[in-house]
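Here's the structure, in structure tokens; my notes come after.
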Amino acid sequence: MALFQTFLMIMQALLSVALIAGVLLHSAKGEGLAGIGGQSHLFGSQKDVEAGLNWFTGIVSGLWFAIAILLSILGRQGV
């Protein structure tokens, strides 16, 4: 079970980095960090970029939240 908990901790760290990157790529009103190197036009239009980033951020944050709850349950059981 310790191997599973270690795996979840590694996944939590990787998801944290992905979530930070996803949030930083969102734009306030302009292109944000996605404008560096023309990456904001990767999906075709600004609306598609925001939709893709919203989807990515939502999925990653959901996974992060689920793993956080699972880790807290495993921690309470003393595993």
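Points to keep in mind about this one:
- Some residue of the stretch 29-51 being of a type in the set (S, T, N, Q) and at pLDDT 90 or above: no
- In the stretch 1-28, the residues that are at pLDDT below 90 and either exposed (fewer than 10 other Cβ atoms within 10 Å of the Cβ) or part of a loop (DSSP other than H, G, I, E, B) (or both): Met1, Ala2, His26, Ser27, Ala28
The values are calculated or read from the model by the stated rules, or taken from the named source; none is laboratory data. These numbers were taken from a predicted model, which means no experiment stands behind them. Cβ sites come from the backbone with ideal geometry, for glycine too, and all protein chains shown count toward neighbours.
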